[in-house]
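The values are calculated or read from the model by the stated rules, or taken from the named source; none is laboratory data. Quick caveat, the model's predicted, so the values are computed rather than measured. Heads up, the Cβs are rebuilt from the backbone with ideal geometry, glycines too, and the neighbour counts pull from every protein chain shown. Only protein heavy atoms, including side chains, enter the accessible area calculation; ligands, DNA and RNA are left aside. Shrake-Rupley method; radii C 1.70, N 1.55, O 1.52, S 1.80 Å.
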Amino acid sequence: CSGRCGSTVLASLNNASLKRSVPVAVDRAIREIIQPVVERSVTIACITTKEIVTKDFAMESDENKMRKAGQLMVANLAGSLALVTCREPLRSSVSTHLRQLLIGNAPSIEKLTEQEQNVIEQCVQICATDNLELGCMLIEKAATEKAVRDVDEALAQSLNARRKHREQTGQPFYDMSVFGNVNQRYPAALPEQLRPKPGGLRLDHFQLYESFQRLPRQTLGPGGVPPTGGTQTALPSGRTAPSTSNATIETDSTPVQKSQIGIEALSAIAAKLDSAVTQLLTAAGSRAPEISLSMLPPEHQIRQLLAAVKQIFPNINASGVMTHNLGVPEQEAILAFSQGIFKRLYELNLNEPLRLETLVSLLETIDISCPKLGKDIGTWATYAPTNTEQQRRLHRTILLLLIRSRLLAVADLDGFLAARADNGRNPIWVEFSLVFIRTAFMERISTPADFPKLMDLMTRISDGRSQASHQVLQGYRKSILRMLEETRGIARAEESQHDVPLGKLATQDEKQNLSTGDSQSSLSPISLSRMSSASRKVAEATELFARNDPPTAKEQVAGLVDNWIRIQSEAAGNEKIYAQYLQYLLQMGVGKVEEHTERFLRLSVLVVIDAAMKTASGGSNGTRSVLNYTYVDVYTRLLVLMFKHLNSGGTAEQAEAQRLNMLNKILGVAVRTMMWNAEKVRKTGVHWDQRPWFRLLLNLVIDVNKPDPAMESIKLGILSVFGAAFHVSQPLVLPSKWILLFVADREYPHVSPLFSKLSPSRGSS
């Protein structure tokens, strides 16, 4: 009898009464909770929106702009609050009503066995879960619509005041009531950049309100988990048919099971990676932003976890090469997982570059097994959030990482960015593209040939042949010219010395005999002409870059140099104070940001050289004046300290590379600034006194090359950088009696062979 009754109950749950019961239960549940949920959510959202919008738009005359901002914000807040508030009460209410309806429809209620009750309870839970999202969406929609109506009423007085003021006076509107209450904390306590200002809300601030516009939410499957693959059949009532889902699992169980195992393993590795990165960054403390993936040794846990990803995929052999394509269900599951990782990138910040690089490296490994990922990433990247400056900076960094990992097609990105710039009419994307390609070029991630459309656009903007507005031309033309000059320097190192690694210049021209004999020179007339004009070109480029310096930049750098001189006089040799001074330089961007490093070195060397020249005494009756080189000597100690210790650490090889890079910057800026100074003095008709520059380079040659076991492994690299610097500043380039050969012979004999290759045989003393 029990079996027959159970069959009767099961039959009753599959007939038309079940289809009638579910919509009724959902309808009753929504009616039961919708009013308190909507009222509470809308009230909180309207009060919050009114206060914030009234403050932000206190000096905004356009009531339509204010109304739109209020509606966008309140709709987002009310909908989100309603979703959070209603989900669990709705699930419970649907279950209760549906259980009552099913038990009422079942025959022989008093004779239901425990098995039959379990069948009913299982059906109740499945139907309640499957229809939960539909109910939440309906409640969210009701809350959003009511909130938009109510916020219009709440802001009606402010909106009418602006309209009447404009119609009657035609003057800008100021709502001074926001500032009238002395007991009110805001807006007086707000930071200056967030306080209302005449002229209304700025475009970048208004974009914050536009970002409140809700994006379509992903429909959640059973249990609130997003579906990773397969399809589900929706009934007219909005429910997902349980029988359809079960049928899918049964008919396609094998591939889905394999994908599920792979995704679970990937998720486990991703969780361990996140934990390992968090642990490392926490231990690093304030130096966490300086840690990158390249600094980690192969045996580090993060490296090992990334290597383990390849072992998950059955189509990657021991050499890391794909052997065959994955099935469609497996690909879909992997792409869904990868999309979650990609979205995670845009939830991070630039203070944790290691976390960004780790996730991109994870995607790079997945791309080996599923090549379709690269195409999808190109599509996902076009929808990345770029409303604020912070979002654009993060987007730019992620794009550079993706290009470096070969996860993006450079040609597609070139076309996309050129289209966004709109022939120069869009200043935001002109700036974005300019900074992006300049960084890509300088970090050797890409070459100008990879971005023909952007390079053509930048050239036309600089030449005035684009449709760029006056704002774009005035704001970015100098920066574009600088980028183009740097690009030419990379492409044609012999024509421009700026921003080209000095070591590369040496390797290109070391083979040439630099004899300065007029008729016996081994250099061609073209090469001689180029070298004679190099100093002028470098001086012009340096002058152009110096115009971008902030008004108080030289005073700030002079203060830093003065502090260093004071440290040398009061606490010379104190390693702790030295470390604090270097840390202060890092906080100002010196050693981390290329532009800040170049500016500090250029201005500091000019400050020191000017100070040395002011100490000149004597010089009458045809005798040369005497200079005091104390400032130069003290300054050289700072440069040597920067060379040895101003780096982000890492392995021994990484530290060595960073030291050589810093020495290259120090000598490169010193030589370029010396050329600029020589050209400037020559235009005045005054004799250029090279002695303080000679002293500076002489000190660097001696101090940097002092015997030091830590520098022994990069000894040849140091000599190469020095050789390149002296080659660039030889008499053919710098019009002077400039030669350091006798210095090498007398003071540092073991570097003489290198200098002998670079020194001219005539025209020097």
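Looking across segment 382-392, the residues that are part of a helix (DSSP H, G or I) and farther than 17 Å from residue 421 by Cβ come down to 390, 391.
A quick yes/no check of all residues on (1) under 22 Å from residue 393 (Cβ atoms); (2) touching a residue at least 12 places away in the same chain (Cβ under 8 Å):
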{"position": "269", "(1), (2)": "no, yes"}
{"position": "279", "(1), (2)": "no, no"}
{"position": "291", "(1), (2)": "yes, yes"}
{"position": "307", "(1), (2)": "no, no"}
{"position": "337", "(1), (2)": "no, yes"}
{"position": "340", "(1), (2)": "no, no"}
{"position": "382", "(1), (2)": "yes, yes"}
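Here residue 397 clears all of (1) in a helix (DSSP H, G or I); (2) under 20 Å from residue 265 (Cβ atoms) except the condition numbered (2). Go through the residues of segment 442-452 one by one and say whether even a single one is in contact with a Lys or Arg (Cβ under 9 Å, 6 or more places away or on another chain) and free of Cβ contacts under 8 Å to residues at least 24 places away in the same chain. No, every residue in segment 442-452 fails to be in contact with a Lys or Arg (Cβ under 9 Å, 6 or more places away or on another chain) and free of Cβ contacts under 8 Å to residues at least 24 places away in the same chain. Pick out the one residue from 452, 427, 448 that is touching a Gly at 6+ places or on another chain (Cβ under 9 Å), farther than 16 Å from residue 381 by Cβ and modelled with pLDDT of 85 or more. On inspection, the qualifying residue turns out to be 427. Considering the conditions (1) farther than 27 Å from residue 383 by Cβ; (2) surrounded by 13 or more Cβ atoms within 10 Å (Cβ to Cβ), residue 311 is excluded by exactly one of them, (2). Looking only at residues of segment 685-724 that are closer than 22 Å to residue 613 by Cα and among the basic types (Lys, Arg), we find that the one that is least open to solvent (accessible area, probe 1.4 Å) is 691. Examine segment 113-120 for a residue that is surrounded by fewer than 17 Cβ atoms within 10 Å (Cβ to Cβ) and not in a helix (DSSP H, G or I), and state whether such a residue exists. Looking for residues that are surrounded by fewer than 17 Cβ atoms within 10 Å (Cβ to Cβ) and not in a helix (DSSP H, G or I), one finds at least one in segment 113-120, hence yes. Taking the numbered list (1) within 25 Å of residue 274 (Cβ to Cβ); (2) open to solvent by 50 Å² or more (accessible area, probe 1.4 Å); (3) out of contact with any His (no Cβ under 8 Å at 6 or more places or on another chain) in turn, residue 357 passes all entries but (2). Checked against (1) out of contact with any Lys or Arg (no Cβ under 9 Å at 6 or more places or on another chain); (2) buried (at least 18 other Cβ atoms within 10 Å of the Cβ), residue 367 passes all but condition (1). Report whether or not residue 682 is farther than 29 Å from residue 714 by Cα, part of a helix (DSSP H, G or I), open to solvent by 30 Å² or more (accessible area, probe 1.4 Å) and charged (D, E, K, R). Considered against the rule, which asks whether it is farther than 29 Å from residue 714 by Cα, part of a helix (DSSP H, G or I), open to solvent by 30 Å² or more (accessible area, probe 1.4 Å) and charged (D, E, K, R), residue 682 comes out as yes.
Could you go through segment 597-608 and let me know if any residue there is under 22 Å from residue 295 (Cα atoms) and assigned to a helix (DSSP H, G or I). There is at least one residue in segment 597-608 that is under 22 Å from residue 295 (Cα atoms) and assigned to a helix (DSSP H, G or I). Within segment 386-398, residues that are touching a residue at least 60 places away in the same chain (Cβ under 8 Å) reach partners that are surrounded by fewer than 19 Cβ atoms within 10 Å (Cβ to Cβ) and part of a helix (DSSP H, G or I) with beta carbons closer than 8 Å, at six or more positions or on different chains, in the pairs 387/207; 387/208; 387/210; 388/204; 388/207; 388/208; 389/204.
In segment 115-162, the qualifying residues are those that are in contact with a Cys (Cβ under 7 Å, 6 or more places away or on another chain) and at pLDDT 85 or above, and the one that is nearest to residue 91 (Cα to Cα) is 136. Of all the residues in segment 31-51, those that are within 24 Å of residue 158 (Cβ to Cβ) and open to solvent by 90 Å² or more (accessible area, probe 1.4 Å) number 2.
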